[in-house]
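Have a look at the structure below, then the notes.
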Ligand SMILES: Cc1cc2nc3c(=O)[nH]c(=O)nc-3n(C[C@H](O)[C@H](O)[C@H](O)COP(=O)(O)OP(=O)(O)OC[C@H]3O[C@@H](n4cnc5c(N)ncnc54)[C@H](O)[C@@H]3O)c2cc1C
């Protein structure tokens, strides 16, 4: 009995290792020149491979129940043990927000994770066919026939489809796996880019471009707050980026797709109330009364932000502080706690880390087998599930890869 895994990313290699570990003859068909190329880019080259405080409720998409159940079979501790077992000890380290649950390899090198997985595949006799892009998938008289772009083919008794989504296509995941699934009648929940920067029509993003600032972000759909995130926002010439923006981007994509008006409201001084800020600004005005108005916010916010905040509050820049009106101060205090950026979209797949959407939960059994075709399994990002930053998406790749590999090998016994 032979199992073919189409796509040699994180989930594909885990699926292949599990299937081979159960005794199945296993081959990975990988379109690129190396398996696991996307792993190299994860966690800023350090590979945030899981999360000690992983909460299954934070996953989005229809396969959430699958994730909750399968994480009980292969969860965070299993992931740590697995990597330790292949010579990659791990360490929990602080994220940008001081969260110390994000797990990395101790050496902090994603390349070590990629290489150790490939070496383990070789050790377990998984055959890896590189530059082997699958372009067709058929089932004839109980066997799968996989047509490759280079004109050759591969036959197998079971197939695990782990071609990823559409995010970051330069790493190989260009969405071609959806067509292979669709050839068996599978529906695809429209793939949308997630965990990425967002586009804003605010006139100020260009002036602020390059600036990083800690803020509390309130995501509002039609003026109602639906989510919050805290962290370092990066301003770009087209909009906003940074981990808290990434975390909200999936929700933003869905709200925009539902035709809701989306705004990100930034509280630039979340530790202070608007009342405290008003009092502070009044004191500053007195203390710096003969200085230029721009010095009012010196030490409170990054200097690049001052002209923007003044313009929006109607305060002239080159007058003495004593001439700033009470109205101007009130408006400034409001802005410091609620600076609104209208959001028009999420950047495209090139700039995003994951795909929301994919094969829906209704079309896969709880062991990730297709309900349209016996012997066809799915794992990883091709399924309709996406998680926040912090190791959630790789954990899903390991968990679902393990589950699909185990189930496929079992039926192939
Ligand atoms: C920049 C970046 C940083 C990230 N950082 C993190 C992080 O720190 N932590 C985290 O948890 N997640 C992170 N992610 C998300 C995570 O990397 C993915 O969710 C995960 O790699 C998905 O694994 P996968 O196996 O499903 O798909 P992929 O890793 O995308 O692998 C799919 C593979 O299939 C191959 N393939 C595609 N089509 C075909 C075909 N037709 N035939 C043969 N092969 C094919 C591709 O070449 C690719 O190798 C990051 C993503 C990006 C882009």
Worksheet entry | Extension reserve of the residue 326-residue 155 stretch, reckoned as 0.36 nm per residue once the Cα distance is removed | 53.9 nm
Response to the item:
Rounded to the nearest 10 degrees, the helix 110-123 long axis (Cα) sits at an angle to the longest Cα principal axis of the chain of 10 degrees
Worksheet item: residue 77 versus residue 232, label points 7 Å from Cα toward the beta carbon: distance in nm?
Response: 3.4 nm
Worksheet entry | Mean ellipticity per residue at 222 nm, deg cm²/dmol - from DSSP H runs of n ≥ 4 across the chain, formula -39500 (n - 2.57) | -9500 deg cm²/dmol
Item to complete: Could you state the angle between the C-alpha long axis of helix 243-257 and the longest principal axis of the C-alpha atoms of the chain, as a value from 0 to 90 degrees rounded to the nearest 10?
Response: 80 degrees
Worksheet item: Helix 274-287: angle to the longest alpha-carbon principal axis of the chain, degrees 0 to 90, nearest 10?
Response: 50 degrees
Fill in: Extension gain (nm, one decimal) between residue 366 and residue 350, 0.36 nm per residue minus Cα-Cα
2.6 nm
Practice prompt. Starting from the Cα-Cα distance between residue 334 and residue 91, subtract it from 0.36 nm times their residue separation and give me the gain in nm to one decimal.
Written response: 83.3 nm
Worksheet item: What number in nm² do you get for the chain if you take the convex hull of its Cα atoms and divide its surface by four?
Response: 20.8 nm²
Worksheet item: How big is the shadow of the Cα convex hull of the range 197-346, averaged over all directions, in nm²?
Response: 8.2 nm²
Discussion item. Modelling each spin label as a point 7 Å along the Cα-to-Cβ direction, I'd like the residue 107/residue 410 distance in nm, to one decimal.
Written reply: 3.5 nm
Worksheet item: Once label points are set 7 Å from the Cα along Cα→Cβ at both residue 275 and residue 58, what is their separation, rounded to one decimal in nm?
Response: 3.3 nm
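Quick note: the coordinates plus some simple rules give every number you see, no bench work behind them. Since this is a predicted model, take the numbers as computed values, not measurements. All Cβ positions, glycine included, derive from the backbone under ideal geometry; neighbour counts span all protein chains shown.
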